[in-house]
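What follows is a single structure, written as structure tokens, with notes after it.
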Amino acid sequence: MIDLRSDTVTLPTAAMRQAIFEAVVGDDVYGADPTVNRLQELAAEMVGKEAAMLVPSGTMGNQIAVLTHCRPGTEVILEADSHIYYYEAAAASVFAGVQPRPLPGKRGSLPAALVEWAIREDDIHLPPTSLICLENTHNRAGGTVVPLEDMKAVYEVACRHNLPVHLDGARIFNASIASGVPVKDFIACATSVQFCLSKGLGAPVGSIIAGSFDFIDEARRWRKRLGGGMRQAGIFAAAGIVALETMVDRLAEDHANARFLANALAELKGIEFNPDDVDTNIVIVKPTSMSIQQLGDELEKRGILTVEIEPDRIRFTTNKDVNRSDIEKTITAVKEILDRA
Ligand SMILES: *Cc1c(COP(=O)(O)O)cnc(C)c1O
């Protein structure tokens with residue numbers, strides 16, 4: 001199988017399995033797992049925040065951030081296609097009791113002027129704004145990199161209004177590798193950040209949230225409340241360390257494969273999309289001569305897995321477990337399917 005459904009499908013590397021085997025562990029609920037502690041210190045250092053905490057998933061990391069920043073009855077400004085709004089089963093409403101305020105972005109980027117316009121005045125009719133969320137890279141926009149200047153502009157607005165910014169940086173290392181902007185520079189535009197170890201970086205489980213010491217102290221209590229306090233979590237934190245130490249730079253290969261795929265698909269009749277929209281490891285296309293179900297099914301018959309992301313659009317996500325020859329096979333398969341239609 002050539003699995004292009006997501007970068008979450010990546011399997012742990014041999015080095016990760018070795019690190020898992022050798023991991024020195026303890027009870028992390030007591031703060032006594034040396035491998036978890038080492039991962040958290042490394043992560044905080046890499047992203048330029050005071051402290052970091054390991055969480056089981058990106059979703060829990062984002063929700064802990066919302067819970068830590070916001071009181072119930074307040075409003076969270078976010079992008080209308082953002083993961084926190086679109087893909088987290090209304091968790092921010094259910095757990096934090098906040099009202100989302102979705103705003104339309106451009107390639108996933110929220111215009112600072114629009115954000116400023118949406119911040120609530122002090123009026124008893126209105127829910128106070130409590131948080132601004134950004135996402136980089138932006139998943140549903142197609143893995144697009146939100147430019148550093150855009151993030152800076154939103155952060156400047158947030159600071160002026162005394163509001164925190166949470167960055168859903170599930171794929172922030174992809175944004176950094178693709179743009180050449182250091183992750184620390186992106187993350188300096190956010191009060192807190194969540195990023196995934198389990199996507200393109202290849203670890204089997206885990207995300208990190210990072211912020212100030214005070215933020216992480218409170219976040220640790222929320223993690224416990226949600227049942228996310230884990231015992232010998234060093235078992236998978238060990239793979240997270242390998243991910244951060246050895247798997248970041250190779251994301252460039254995934255981006256090159258996505259670029260190669262996009263350029264080839266753009267040449268085909270029966271496919272519509274703008275290859276210039278491909279910044280990182282995600283390629284989203286619209287077939288015009290058949291439904292996405294037909295295209296997806298025909299690809300699956302040839303051993304190629306994709307996902308339907310819109311009623312008329314299909315997504316290919318490159319990752320460390322597909323190589324250039326797999327991409328070439330994918331291009332050939334799409335061409336053959338379209339030629340027959
Ligand atoms: C995958 C993803 C998440 C959630 O991560 P999980 O570990 O799957 O819960 C959050 N935000 C974005 C942008 C993502 O792509």
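The figures follow:
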read-out: Unmet criterion (only one of (1) within 15 Å of the ligand (Cβ to nearest atom); (2) surrounded by fewer than 24 Cβ atoms within 10 Å (Cβ to Cβ)) for residue 93; value: (1)
read-out: Identity of the residue in segment 116-146, within 16 Å of the ligand (Cβ to nearest atom) and among the charged types (D, E, K, R), that ends up nearest to the chain's Cα centre (by Cα); value: 135
read-out: Counted residues, segment 190-232 - those being surrounded by 24 or more Cβ atoms within 10 Å (Cβ to Cβ) and in a helix (DSSP H, G or I); value: 2
read-out: Residue within segment 26-34 that is open to solvent by 10 Å² or more (accessible area, probe 1.4 Å), in a loop (DSSP other than H, G, I, E, B), more than 16 Å from the ligand (Cβ to nearest atom) and within 30 Å of residue 84 (Cβ to Cβ) present; value: yes
read-out: Unmet criterion (only one of (1) open to solvent by 50 Å² or more (accessible area, probe 1.4 Å); (2) in a helix (DSSP H, G or I)) for residue 295; value: (1)
read-out: Among residues of segment 233-284, those that are open to solvent by 10 Å² or more (accessible area, probe 1.4 Å), outside any helix (DSSP H, G or I) and hydrophobic (A, V, I, L, M, F, W, C), counted; value: 7
read-out: Among the residues listed as 54, 78, the single one being modelled with pLDDT of 95 or more, within 15 Å of the ligand (Cβ to nearest atom) and more than 14 Å from residue 220 (Cα to Cα); value: 78
read-out: The lone exception for residue 184 - which of (1) within 27 Å of residue 329 (Cα to Cα); (2) under 21 Å from the mean Cα position of the chain (by Cα); (3) open to solvent by 20 Å² or more (accessible area, probe 1.4 Å) it fails; value: (1)
read-out: Check on residue 60, within 16 Å of the ligand (Cβ to nearest atom), under 20 Å from residue 202 (Cα atoms) and open to solvent by 10 Å² or more (accessible area, probe 1.4 Å); value: yes
read-out: Residue within segment 98-113 that is assigned by TED's automatic domain parsing to the domain that holds residue 186, under 30 Å from residue 178 (Cβ atoms), hydroxyl-bearing (Ser, Thr, Tyr) and within 11 Å of the ligand (Cβ to nearest atom) present; value: no
read-out: Test result for residue 14, over 17 Å from residue 209 (Cβ atoms) and open to solvent by 50 Å² or more (accessible area, probe 1.4 Å); value: yes
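The values are calculated or read from the model by the stated rules, or taken from the named source; none is laboratory data. Note that the structure is a prediction, hence the values are computed from the model and not measured. Glycine also receives a Cβ, built like all others from the backbone with ideal geometry; neighbour counts cover every protein chain displayed. Note: accessible area is taken over every heavy atom of the protein model, side chains too, but ligands, DNA and RNA are not part of it. Shrake-Rupley method; radii C 1.70, N 1.55, O 1.52, S 1.80 Å.
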